[in-house]
Amino acid sequence: MSPQNEQGVRVVIGGTIDIECTINGEPVAVETEVRRSLSDVIRHEVGLTGTHLGCEHGVCGACTVLIDGKAVRSCLMLAAQADGADITTIEGLADGDEYHPVQQAMHDAMAFQCAFCSPGFILTTVALLDRKPDATGDEIKQELSGNLCRCTGYQSILDGAAKAVELMSETANPPGQPTADQASGERSDV
Amino acid sequence: MKNPKFGYARPTTLDEALDLLASSEDAKLLAGGQSLLPVLALRLGSPDLVVDIGRVPGLDEITLAADGSVAIGALVRHAEVEDSHTVAGYAPLVAAAMPWIGHRAIRNQGTTVGSIAHGDPAAEMPAVCLSTSAVMTAVSARGERSIPAADFFDGFLTTALEPDEILTKVTFPPWRTGDRGAVVEQARRHGDYALVGLSARVHVTDGVIDEAVLAFLSVASTPVRVAAAEESLIGSAPSTDAYALAAEVVSNNLTPGADVHATANYRKHLAGVLTKRALEQALMSEVAA
């Protein structure tokens, strides 16, 4: 969350500001109006339209991106604040043609209908499982309560997130291999 | 909506930030932005100058003093407070408030001190500050001063901060043996503004309550205490009857407003229910450090 660019900016009134950051591993430099949100810069100036804008004031969660691995509302951040930040958008999750496990799990669960909200739900889930790889159903529900979906009634999305927990634990601990906890002789449930 | 036009500056020292703040009639500080940016996006405010203090050094620490008090700097994110062992151990009521604040994505960016400086009566931290007798440190070019939480929240989104002052840190006094507390609220959806909430702290000596603070959110233009209910608890042993009496006094004394989400009577009733719930939670568990 602490962007690396420590440089100050003198007063800019009604003008533009130069921003350098990393988006999906690629260095990005843009000149933009100071009042522009990070979400608008990602969509309109960088051209990554996978970040969706629903409410534009922090309620719906559709615009969620990862900054240094943490979920953040990109509509509630000025692009100027993200100067120097390491940003991941929905376009940065898949590895070539291979889905990220959370994307794969959501796909398998047929989690979404119109999918307008999907980038936000998926990135929020990625951030949650990064923090809590074995998140429980309640934890998933609580975390995803900050994202709105107007199609599904949420159950399919929660199913998808639960599937993602399974899929990622299989990837981390392939069947037949002892888990780190088992190998060290410690129980993981205490 | 899109933000209105404003000037932007990003100082890298506190002195520079103070100069910038004093340089404009209508400057606004930006830390995490989770309160300011919705205000801008909805065009409820249109400052001349936004002073982004995000890169000012020395404001991003949680510090534990020798006496057990915990100070939270202006740039510490809610999520950092939520994950802090220091806060969990030495300022448990602050830790208890964190899961109620918005959602994790909001807490990753929003700052705890920023939420206090914003002075939203529906926010959790102002009520927690009241119930813990937190002390605000305000700095301006004229110097530094301390403001007790009881004198800080003046009105709706209005605090005792002068326009040229920055709230650099908030200090929570030591959590003593015998202190018990809970933060509870009811919202239509977790993370939404609470219909009613409260931060309760009681102190128990030899099985008797000798101090009680009940600070409510979302019931007035500032966080408010209900002195009569607090007094009703003093001298009682923790018991269902004592909680029920305090709850009744709360319901009778609060004068919340009505809106599309809840009537005033519903809020009064809810405040009583939550009072009982908070006291049960506080006095059942050993949250004392």
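What per residue convex hull volume, in Å³, comes out for chain B when only alpha-carbon positions are used? Walk me through the intermediate numbers first.
Values: hull volume 35.6 nm³, N = 289.
In chain B, the Cα hull volume divided by residue count equals 123 Å³.
How large is Rg over Rh for region B:1-136, taking Rg from the Cα atoms and Rh as the Kirkwood inverse mean of 1/r across Cα pairs? When Rh is taken as the Kirkwood radius, the ratio is 0.98.
State the three equivalent ellipsoid semi-axes of chain A, derived from the C-alpha gyration tensor as the square roots of 5 times its eigenvalues, in descending order and whole Å. It would help to have the intermediate numbers written out before the result.
Working: eigenvalues 218, 79, 40 Å².
Its equivalent ellipsoid spans semi-axes of 33, 20, 14 Å.
Quick one: order B:T255, B:T158 from most to least accessible surface, probe 1.4 Å. Intermediate values should be presented prior to the final figure.
Numbers: B:T255 115, B:T158 65 Å².
Correct descending sequence by accessible area is B:T255, B:T158.
The lysine pair count for chain B, using Cα distances under 30 Å and pairs eight or more places apart or on different chains, is 5.
Farthest towards the positive end of the charge dipole of chain A, among the residues A:M110, A:G15, A:I67, is the Cα of A:G15, using unit charges on the Cβ of Lys, Arg, Asp and Glu. Calculated [222 nm] ellipticity per residue, helices only, for chain A: -8000 deg cm²/dmol; basis is -39500 (n - 2.57) per DSSP H run with n ≥ 4, divided by all residues, nearest 500. Ranking A:C75, A:C114 by solvent-accessible area of protein heavy atoms (1.4 Å probe, all protein chains present), from largest to smallest, gives A:C114, A:C75. With contributions of -39500 (n - 2.57) from each DSSP H run of at least four residues, the per-residue ellipticity at 222 nm computed over chain B stands at -9500 deg cm²/dmol. Ranked by the mean number of other Cβ atoms within 10 Å of their residues, highest first, the peptides A:128-138, A:87-97, B:8-18, A:57-67 fall in the order A:57-67, B:8-18, A:87-97, A:128-138.
Taking R0 as 25 Å, what FRET efficiency do you get between B:T255 and B:R188 from their Cβ-Cβ distance, rounded to the nearest 0.05?
Efficiency, rounded to the nearest 0.05: 0.70.
Plainly put, region B:187-244 has a radius of gyration that is 1.06 times its Kirkwood radius, both from alpha-carbon atoms, as the Rg/Rh ratio.
Only Cα pairs under 8 Å and 6+ residues apart enter the sum, and on that basis the relative contact order of chain B stands at 15 percent. How big is the gap, in Å, between the Cα center of region A:45-74 and the Cα center of region B:71-113? Going from one Cα centre to the other spans 22 Å.
Per residue, the average separation of C-alpha pairs within less than 8 Å and at least 6 apart gives region B:62-172 a relative contact order of 28 percent. Label-to-label distance, B:T177 versus B:S146, with points set 7 angstrom from Cα along the beta-carbon direction: 2.4 nm.
Go ahead and run the numbers for FRET between B:N265 and A:E98, Cβ-Cβ distance against an R0 of 35 Å, rounding to 0.05. Before the final figure, lay out the partial values.
Details: r = 57 Å, r/R0 = 1.63.
Between B:N265 and A:E98 the formula returns 0.05.
When only alpha carbons of region B:150-289 are considered, Rg and Dmax amount to 15.8, 49 Å. For B:K2, the accessible surface of its heavy atoms amounts to roughly 90 Å² (probe 1.4 Å, protein chains only, rounded to the nearest 10). The order of the peptides B:104-115, B:22-33 by mean Cβ neighbours within 10 Å, most packed first, is B:104-115, B:22-33.
Taking a cut-off of 21 Å, what percent of all Cα-Cα pairs in region B:62-172 are separated by more than that? Intermediate results must be reported in sequence, preceding the final value.
Values: 1765 of 6105 pairs.
Cα-Cα pairs of region B:62-172 separated by over 21 Å account for 29 percent.
Counting only other chains, what is the mean number of Cβ atoms within 10 angstrom of the Cβ of each residue in peptide B:54-64? The partial results should precede the final answer.
Working: counts 8, 10, 1, 1, 0, 0, 2, 0, 0, 0, 0.
Shielding by partners across B:54-64 averages 2.
Two decimals, Cα atoms only, Kirkwood Rh: what is Rg/Rh over the protein assembly as shown? Result for the protein assembly as shown is an Rg/Rh of 0.98.
The values are calculated or read from the model by the stated rules, or taken from the named source; none is laboratory data. Bear in mind that the values here come from a model prediction, so they are computed numbers and not experimental data. Cβ: placed from backbone, ideal geometry, glycine included. Neighbour counts: every protein chain shown. These area figures cover heavy atoms from the full protein model, side chains too; ligands, DNA and RNA do not enter into them. Shrake-Rupley method; radii C 1.70, N 1.55, O 1.52, S 1.80 Å.
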